[in-house]
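Novice: Supplied in structure tokens, the structure appears directly below.
The values are calculated or read from the model by the stated rules, or taken from the named source; none is laboratory data. Since this is a predicted model, take the numbers as computed values, not measurements. Here the Cβ positions follow ideal geometry from the backbone for every residue, glycine too, while neighbour counts run over all protein chains shown. These area figures cover heavy atoms from the full protein model, side chains too; ligands, DNA and RNA do not enter into them. Shrake-Rupley method; radii C 1.70, N 1.55, O 1.52, S 1.80 Å.
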Amino acid sequence: MQQELFDKKPVRARLLDPSTSHEAAQRVGEFSAKMYKKIYAELLKGEGTYEELAERMEFKRDQLCKRLPEMERIGIVALTGEKRTGSSGRLQRVWRARKD
């Protein structure tokens, strides 16, 4: 995957969000590219739900459930179409790395 794919900046704060949200959104870029690389590398080892990935990577679940849709929007991960039952009993989407 080309380096510039990990440097794309998704929109994280809406126009009408409070100023604190915009400030937080600006700071996410400081760590998001590194996080994207780690998640992408893990997905190259095998697909998974956000809970499965969080467990494998020893991350908090909310870190993954927020980053995966961002990564999908910039085109480096995709949904497989498969769903698996999570710890809550609800179905969760399964993610994979895009290699194209």
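Novice: Taking into account only those residues within region 50-87 that are more than 12 Å from the chain's Cα centre (by Cα) and acidic (Asp, Glu), which is surrounded by the most Cβ atoms within 10 Å (Cβ to Cβ)?
Specialist: It comes out as 52.
Novice: Okay, moving on. For region 27-73, how many residues meet the condition of being small (Gly, Ala, Ser) and in contact with a Gly (Cβ under 7 Å, 6 or more places away or on another chain)?
Specialist: The qualifying residues number 0.
Novice: Let me ask something else about it. Among the residues of region 56-74, which ones are within 17 Å of residue 44 (Cβ to Cβ) and out of contact with any helix residue (DSSP H, G or I) (no Cβ under 7 Å at 6 or more places or on another chain)? Talk me through it step by step, then tell me what you get.
Specialist: Applying the first criterion (within 17 Å of residue 44 (Cβ to Cβ)) to region 56-74 yields 56-57, 59, 64, 67-68, 71-72, 74.
Once the filter is applied, which keeps residues that are within 17 Å of residue 44 (Cβ to Cβ) and out of contact with any helix residue (DSSP H, G or I) (no Cβ under 7 Å at 6 or more places or on another chain), region 56-74 yields 59, 72.
Novice: Out of contact with any strand residue (DSSP E or B) (no Cβ under 8 Å at 6 or more places or on another chain), open to solvent by 10 Å² or more (accessible area, probe 1.4 Å) and modelled with pLDDT of 95 or more: does that describe residue 90? Give the steps one after another, and end with the answer.
Specialist: On the way: out of contact with any strand residue (DSSP E or B) (no Cβ under 8 Å at 6 or more places or on another chain): yes; open to solvent by 10 Å² or more (accessible area, probe 1.4 Å): yes; modelled with pLDDT of 95 or more: yes.
Judged against the criteria, residue 90 is a match.
Novice: Residue 47 - would you say it is surrounded by 13 or more Cβ atoms within 10 Å (Cβ to Cβ), acidic (Asp, Glu) and modelled with pLDDT of 95 or more?
Specialist: yes
Novice: Every residue in region 13-39 that is at pLDDT 75 or above, over 22 Å from residue 85 (Cα atoms) and surrounded by 12 or more Cβ atoms within 10 Å (Cβ to Cβ), please.
Specialist: Result: 17, 32, 33, 35, 36, 37, 38.
Novice: Just to be sure I understand the filter: pairs with C-beta atoms under 7 Å, separated by 6 or more residues or on different chains, first member in region 69-89 and farther than 16 Å from residue 53 by Cβ, second member open to solvent by 60 Å² or more (accessible area, probe 1.4 Å). Which pairs pass?
Specialist: 74/8; 75/98
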